[in-house]
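To start, the structure under review is shown below, and the notes come after it.
The values are calculated or read from the model by the stated rules, or taken from the named source; none is laboratory data. Computed from a predicted model, the values in this text were never measured in an experiment. Ligands, DNA and RNA are excluded from the accessible area calculation, which covers all protein heavy atoms including side chains. Shrake-Rupley method; radii C 1.70, N 1.55, O 1.52, S 1.80 Å.
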Amino acid sequence: MKEILDAILASDSKPADFANLALPESYRAVTVHKDEADMFAGMPTRQKDPRKSLHLDQVPLPELGPGEALVAVMASSVNYNSVWTSIFEPVPTFGFLERYGRTSPLARRHDLPYHIIGSDLAGVVLRTGPGVNAWQP
């Protein structure tokens, strides 16, 4: 990770520098766990505490698929999507991810016992998958 951060902070880094960086096998992410999806069952929304369902986990770096980019996240937000995901409202995301996982072998990688929260980020593109033309490392 230090090499990635050094490249990002260097004023003379070129796209090829990012494309040639060694990637880690895993990274830290804030997650919710599938086996906790019912932890707030029966509670009024106002009593559901997101801090109880959020975890800081080491997760494997995913395989990059068509139309996807791998981004070194430098900033992210906490917004309604993050809060709703963490309190499993209006429904847990796991049902959707299970259904999506059945659509193709590549989509199957999204059907996991955890879900990485977040929908907004800013960062540096490290890799792009097939078919990505608007972005480059």
If the cut-off is 14 Å between C-alpha atoms, which aspartates and glutamates fall inside it for Lys48, apart from same-chain ones fewer than 8 positions away?
-> Glu36, Asp38, Glu89
On the full set of protein chains, 1.4 Å probe, figure out the accessible area of Met1 and give it in Å² to the nearest 10.
-> 120 Å²
Per the 1.4 Å probe, what fraction of the accessible area of the chain, in percent, lies on carbon and sulfur atoms?
-> 56 percent
222 nm [θ] for the chain, helices only, -39500 (n - 2.57) per DSSP H run of 4+, per residue, to 500?
-> -5500 deg cm²/dmol
Write down the accessible area per residue of region 23-128 in Å², having rolled a 1.4 Å probe over the full set of protein chains.
-> 65 Å²
For Lys52, counting only lysines whose alpha-carbon sits under 24 Å away and dropping same-chain residues fewer than eight positions off, the answer is Lys34
By a straight-distance test (C-alpha under 16 Å), which aspartates and glutamates pair with Lys14 as possible cross-link partners, with residues fewer than eight away in the same chain excluded?
-> Glu3, Asp6
Contact order relative to length of region 23-128, as percent, for alpha carbon pairs under 8 angstrom and 6 or more apart = 39 percent
